[in-house]
Each structure stands twice: as C-alpha cells, then as structure tokens.
1. Of all residues in segment 422-450, count the ones that are over 17 Å from Ala385 (Cβ atoms) and either surrounded by 21 or more Cβ atoms within 10 Å (Cβ to Cβ) or among the basic types (Lys, Arg) (or both).
2. Starting from residues that are at pLDDT 80 or above and part of a helix (DSSP H, G or I), keep the ones in segment 22-57 and report whichever is surrounded by the fewest Cβ atoms within 10 Å (Cβ to Cβ).
3. Would you confirm, using the coordinates I've provided, whether Val8 is part of a helix (DSSP H, G or I), surrounded by 18 or more Cβ atoms within 10 Å (Cβ to Cβ) and modelled with pLDDT under 75?
4. So, of the residues in segment 227-242 that are assigned to a strand (DSSP E or B) and farther than 26 Å from Glu354 by Cβ, which turns out to be farthest from the chain's Cα centre (by Cα)?
5. Before we move on, is Gly284 within 26 Å of the chain's Cα centre (by Cα) and on the phi < 0 side of the Ramachandran plot?
6. Counting only residues that are crowded, with 18+ Cβ neighbours inside 10 Å and not in a loop (DSSP other than H, G, I, E, B), how many does segment 399-418 have?
7. From the list Glu345, Glu354, Glu323, which one is in contact with a Lys or Arg (Cβ under 8 Å, 6 or more places away or on another chain), free of Cβ contacts under 8 Å to residues at least 12 places away in the same chain and closer than 22 Å to Ala474 by Cβ?
8. Condition first: crowded, with 17+ Cβ neighbours inside 10 Å and assigned to a helix (DSSP H, G or I). Now tell me which residues in segment 451-467 satisfy that.
Amino acid sequence: MPRTELIVGGQKSGKSRRAELLARDWLAGAAGREAALVATGQAWDAEMHARIARHQRDRAERVPGMATIEEPRDLAAVLAVHSAPHRLLVVDCLTLWLTNWLMPAMKEHEQKKASSAVLESAGCSFSESAFAGAGPGDTGQQRDRPGRDSAGRRRACLCRCAGHVEPAGGSGLRPRDFDGCRPAFATEMKKSVYSRWWMRGAAALALCGLAASAAAVPLVAPQAVTDDRGRTIELPRNPQRIVSLLPSLTESVCALQMCDRLVGVDRYSNWPASVRKLPVLGGGIDPNIEAVVAMKPDVVLLSRAARVADRLEALGLQVVVVEVNSQQGVHKALARLARLLGVPEAEAEKVWREINAGVDAAAQSVPASAKNARVYFEVNRGPYAAGPQSFIGETLARLGVRNVVPPELGPFPRLSPEFLLRANPDVIMMGSRSMQVASSYPGWERLAAVQHRRVCVFAQDEADIIVRPGPRMAEAARLMARCLADTLGSAK
C-alpha cells in the first residue's frame with residue numbers, strides 16, 4: 001500500500017529531522033523498502049541552490065538509502081510517478097511555499113484562509129499571525145518566515161497525531177508529528193489524523209496537489225497523430241501496454257501519468273525509478289525484436305535512429321517514431337503523445353508550462369557575472385558538442401551565455417579537439433565519461449577554462465538529465481545554471 005507523509009512547517013522547524021526519522025523507521029521495517037523526500041523548496045539564487053545541495057548531501061550521509069526528489073511545482077505529478085507500495089514518500093512542504101507558490105493569484109487574506117484550511121483539516125488550529133510575513137511580496141525570500149509577527153513574537157502550533165494542539169517552542173509552524181497524509185488509493189487508514197484529514201480536508205489538500213495525485217488522469221479517446229516519418233497512426237482504444245525504446249520518450253510517458261502502462265523499455269531508460277523494474281528490450285537503436293513482440297504492446301515508441309520500425313510494423317505492431325532535437329520539439333512531442341495515448345491535451349500543456357517556467361527560474365538564478373560567458377558543452381566522446389540549434393544550446397542561450405559552436409555546424413556536430421583549443425571557452429561542461437577522454441586532448445592544460453578551474457563535470461545521472469530532451473529539461477537548466485554560478489559567480 002503506497003504511503004505518503006506530509007510535513008508542513010517553517011524554516012528550522014524540524015521538518016527535515018522528522019522526515020529522516022520517518023524514513024529510518026520505514027527502511028528498517030522490511031527488506032526491499034525505499035524512501036524519498038519530496039523537497040518543495042525553490043532554488044531562487046545560487047546561495048539557495050548551494051543550501052539545497054548541502055542538505056541533500058547531509059541527508060544522504062545521515063540516512064543511507066533515502067533519496068531526494070526536487071519538485072518545487074507539481075506535487076501531483078511527482079507523487080503519481082513515484083508512489084509505490086514499497087516506497088515511503090515524505091513531502092517537505094514549507095508553509096511559505098503553500099501560501100506563495102501554490103496560490104499566487106490570491107490576495108493575502110485569501111492565502112491565509114486557504115492555508116489555514118489545509119492545516120485545520122488535520123485538526124490543527126493557530127492564530128492568523130502565524131502567517132505574518134507570508135504575503136505575495138515575500139515569495140522565495142528566506143526572511144520573515146510564517147510564524148513570526150511584526151513584534152517578533154512566535155505563535156505557532158504543533159498538531160500531533162493524537163489530535164490535540166500544543167504550543168511549539170520554535171520559530172514558525174512546527175508540526176513535527178504532522179505525518180499522516182495518505183492518498184485516496186490507500187485501502188486502510190488508522191482512526192487518527194489520517195482518516196480525519198482525508199475525509200474532512202480533501203478539498204483543501206487539492207491546493208497542494210495531493211488530492212490530484214490520488215487518481216490517474218482521466219483519459220479521452222485517442223486521436224490520430226502523424227509521426228516523424230510522416231505516417232498517420234490512430235489507436236483504436238487507449239493503450240494498455242506501451243513499449244518505449246528511448247529514455248526521453250519513457251520519461252515523457254511517465255510525465256503524462258501513463259507510467260503504469262509501460263511494459264518494456266530500452267536499456268538506457270532509468271527514470272523514474274519504477275521503470276528500472278520493467279523488462280529491458282535491448283537498445284534504442286537495435287532492440288531485440290522478438291522481445292518487443294513478446295510484450296504484445298498496443299504501441300511501440302522509438303526514435304528515427306532505430307532501424308526496426310518497418311520490421312515491427314510488418315509483424316503487426318503499431319509503431320510511432322518521435323524525433324526531438326529542440327525545446328519546441330519537446331513541446332510538440334508531449335502534445336503528440338497525449339493525443340496518441342488519450343491523455344487530455346491540457347495535461348500535456350501543464351507539463352510543458354512547468355518545464356518552461358523551470359527553465360526561466362534557472363535563468364534568473366544565473367549571476368550577472370556569468371552573463372555572455374562563452375561556453376562549450378560536450379555531449380559525448382568524439383567529441384560531439386551541443387550546437388546552438390540543439391535543445392541544450394537553446395537552454396544555454398536562455399541562461400544568458402554564448403555557445404562557442406557555430407550554428408552552421410548543426411545541433412550536435414562532431415568536432416576535433418583542435419576546435420576546442422581554438423575556441424578557448426570561458427566554461428567547459430561535459431559528463432564524467434567524456435572527461436575521461438577530454439583530459440588527453442592536445443593542449444587541454446592550456447585552455448583558460450582548465451587553468452581557472454571552470455570545467456564542470458557532471459555525474460552520469462546528471463548527464464542523463466541534461467542530454468535527454470524531455471520533461472526533466474528544467475532540472476537540466478538548473479544543473480547548468482549551478483555550474484555557471486559555481487565557476488563564474490564572482491568574476492569571469
């Protein structure tokens with residue numbers, strides 16, 4: 001039975017400690033269990049980004065096996081993707097985030113009323129001054145946390161599972177035992193804050209997306225789509241069995257909340273974690289045809305690089321070819337998949353808006369000293385670089401930096417090591433596998449970026465995020481923005 005806990009509180013209110021205790025107990029309860037913290041904090045600047053990264057490292061050391069999922073915007077989507085019977089999800093929900101980020105269009109008194117409804121539905125009461133300093137103008141700030149009024153008095157409440165209210169001793173809302181949020185698909189509920197909250201506060205919980213995560217997206221009839229071969233495909237009914245042979249397509253299917261329909265993937269599809277348990281059907285370019293057919297899929301999704309589309313169709317399978325090289329291509333791919341699979345197009349638009357807004361937020365975090373810096377991004381050994389026309393190049397442009405690769409070379413040109421030496425970029429970005437070869441390039445040590453330690457080497461899981469044109473594009477932008485802040489935060 002999936003388990004989700006919601007912890008709401010202000011800064012230094014003990015939320016993280018409570019989350020770690022919950023995770024430690026859960027992991028120790030049985031073998032094969034997983035735990036993850038869904039962090040709703042937004043990295044508005046380099047300082048906040050560094051703080052979040054530090055918290056992640058410290059948490060991983062204190063509770064081995066506890067993962068962190070950064071999701072400052074769409075809780076419903078992340079819970080739908082990651083909920084599983086063996087996994088505990090702890091949602092760390094800052095009260096300021098509840099009021100400012102989820103309800104940006106509301107006036108201040110409306111925000112207070114709506115936020116009160118969320119917590120009061122769990123039996124927690126508090127004074128209006130608990131939300132002092134949480135008005136629309138304070139979005140993203142680290143001062144004036146909820147729980148402090150203008151006189152500096154601390155009025156907060158501690159809502160315990162037993163159902164009574166006690167004053168808290170810290171600064172801000174401190175519901176350390178506010179740990180009873182389970183989605184509606186839970187079949188059993190204790191007669192404590194779990195059942196009381198859900199039955200009395202389902203409408204209020206919808207404010208933070210939790211209620212929406214309890215059920216799958218309502219499907220509509222599939223529509224005809226034209227794939228990137230120019231062929232028109234229309235499924236007779238909503239597909240129950242989907243095979244995806246490209247990581248970005250796998251992630252897009254899951255972002256549209258159709259992850260449970262996947263029955264097989266390529267060997268490189270590894271996110272979200274649930275897909276790692278699916279049958280692996282070979283590579284994206286050269287999948288095992290017999291294994292694909294054995295899955296009896298309603299539809300097979302693959303890229304133009306795959307050489308098996310015609311053979312799969314000859315065997316009676318529905319095949320859709322999707323090729324994405326640009327950010328606009330990501331948008332179109334999401335819309336096309338939604339129509340094909342019978343997902344409302346509004347859901348695809350919602351996913352795209354979240355991606356787009358996330359990239360914009362990452363751009364705002366880039367320090368002024370990094371603007372117009374000349375950047376080289378190596379996608380793979382070869383070396384293959386990301387040109388300005390690629391989705392990576394477009395992200396770099398939105399971050400306010402310049403690409404040293406000329407646009408006429410195409411989206412992902414293969415270059416010579418000598419090109420890099422002539423270009424002499426201010427910052428170099430690449431994955432750890434590329435770095436193993438790049439350090440032997442002729443003249444590598446003479447590059448200004450190397451001499452001034454402006455080389456960002458992304459771990460493999462980070463490189464996966466960046467090089468996949470899909471729903472994690474905003475996270476990719478944050479990784480690149482962090483690189484720019486770390487290397488050029490003070491001066492070029």
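1. Qualifying residue count, segment 422-450: 1.
2. Among residues in segment 22-57 that are at pLDDT 80 or above and part of a helix (DSSP H, G or I), the one surrounded by the fewest Cβ atoms within 10 Å (Cβ to Cβ) is Ala28.
3. No.
4. The qualifying residue farthest from the chain's Cα centre (by Cα) is Thr232.
5. Criteria met by Gly284.
6. 1
7. Glu345
8. Glu462, Ala463, Asp464, Ile465, Ile466, Val467
The values are calculated or read from the model by the stated rules, or taken from the named source; none is laboratory data. Values in this document were obtained by computation on a predicted structure and should not be read as measured data. We place every Cβ from the backbone using ideal geometry, glycine too, and count neighbours over all the protein chains shown.
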